[in-house]
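Since the structure comes first, as structure tokens, the remarks are kept for the end.
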């Protein structure tokens, strides 16, 4: 397998230079499952795991290989296995906060060019503007170009209305109403993809991500489950992240549906997603307007006149608070790490002088 077919270019070539003379080879992570990896490289497919040294030196979950990553690997003699020694610098990475109370990022997909944010038009909670805003914020923070895909247009009367709704939270972005079942609208998606291009499909369970991949492949490669009729929520079809090769050298990463999508990144990414609100805020009478009960507040005037949706403004405030809280947690974690580092240095220094004196 030629690595150029997997998206290898001068950026990754430069990142591989420190390992070029060490006998390691470049490989791309095609699948990850509980600490075991499937690598794609010139040798074909190799089962792999990270080395003990890598595990010891990794600074957190985000440092481990993710699907789409390029790694430096050592092929084990006479085996179809390899050991991962390093992750090459990433061009981009779709990152979310890990579930639970830990302040740590989790790379969902690495070295991605386009993020297809998929919603379903079959009712229930599969079309959710607030969730769409969260995906858009994370995609922009991760350096990935977002595209909105509204799937299951074949079972929706008037998908144009949903396209208009999506435009209110994604102004200027490509928005496509498609059907994986009938193949309607898939030509427009294919036109966005080219050789060496990597895309990731993101969305809740039941929106039809695996069905879309089957439609793009024009074969039933990915298992597809039905949607529960009781609440129109999907069952988990995809249980692990996987990089799939499409025709014409295109790669797409399928991901399990995310029940929990916690934010990760900087507050500026929220401003980018809610640029319309940020621009309205500049029209307030007072520069330090908090958009509560101040006179001359452009935000509240826009809401009262129906120009701005109150739910969108509430979402903006909620994401700002979430990002601010994350920043405080990260700062606290950094201070603790710095304190621990100097504590270890002092302990080492005392031990050194004690041994020297004896």
Taking the range 151-163 and the residues there that are touching a strand residue (DSSP E or B) at 6+ places or on another chain (Cβ under 6 Å) and assigned to a helix (DSSP H, G or I), the one that is surrounded by the fewest Cβ atoms within 10 Å (Cβ to Cβ) would be 163
Is it the case that some residue within the range 164-175 is surrounded by fewer than 19 Cβ atoms within 10 Å (Cβ to Cβ), part of a strand (DSSP E or B), free of Cβ contacts under 8 Å to residues at least 40 places away in the same chain and out of contact with any helix residue (DSSP H, G or I) (no Cβ under 6 Å at 6 or more places or on another chain)? no
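Give 142, 92 a once-over and let me know the one that is in contact with a strand residue (DSSP E or B) (Cβ under 7 Å, 6 or more places away or on another chain) and farther than 16 Å from residue 209 by Cβ.
On the way: 92 fails: in contact with a strand residue (DSSP E or B) (Cβ under 7 Å, 6 or more places away or on another chain).
On inspection, the qualifying residue turns out to be 142.
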Return yes when residue 320 is assigned to a helix (DSSP H, G or I), modelled with pLDDT under 70 and surrounded by 11 or more Cβ atoms within 10 Å (Cβ to Cβ) and no when it is not. no
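Could you please let me know if residue 136 is on the phi < 0 side of the Ramachandran plot, assigned to a helix (DSSP H, G or I) and either buried (at least 20 other Cβ atoms within 10 Å of the Cβ) or in contact (Cβ under 8 Å) with a residue 60 or more places away in the chain (or both)?
On the way: on the phi < 0 side of the Ramachandran plot: yes; assigned to a helix (DSSP H, G or I): yes; either buried (at least 20 other Cβ atoms within 10 Å of the Cβ) or in contact (Cβ under 8 Å) with a residue 60 or more places away in the chain (or both): yes.
When the stated conditions are applied, residue 136 passes them.
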Going through (1) surrounded by fewer than 17 Cβ atoms within 10 Å (Cβ to Cβ); (2) part of a loop (DSSP other than H, G, I, E, B) one by one, residue 122 fails only at (1)
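Looking at the structure I just gave you, is residue 305 at pLDDT 75 or above and surrounded by fewer than 10 Cβ atoms within 10 Å (Cβ to Cβ)? Talk me through it step by step, then tell me what you get.
On the way: at pLDDT 75 or above: yes; surrounded by fewer than 10 Cβ atoms within 10 Å (Cβ to Cβ): yes.
Yes, satisfied.
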Among the strands (runs of 3 or more DSSP E) contained in the range 27-110, which hold 3 or more residues that are surrounded by 23 or more Cβ atoms within 10 Å (Cβ to Cβ) and modelled with pLDDT under 85? none
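The values are calculated or read from the model by the stated rules, or taken from the named source; none is laboratory data. Since this is a predicted model, take the numbers as computed values, not measurements. When we count neighbours, we look across all protein chains shown, and the Cβ atoms used for this are built from the backbone with ideal geometry, even at glycine.
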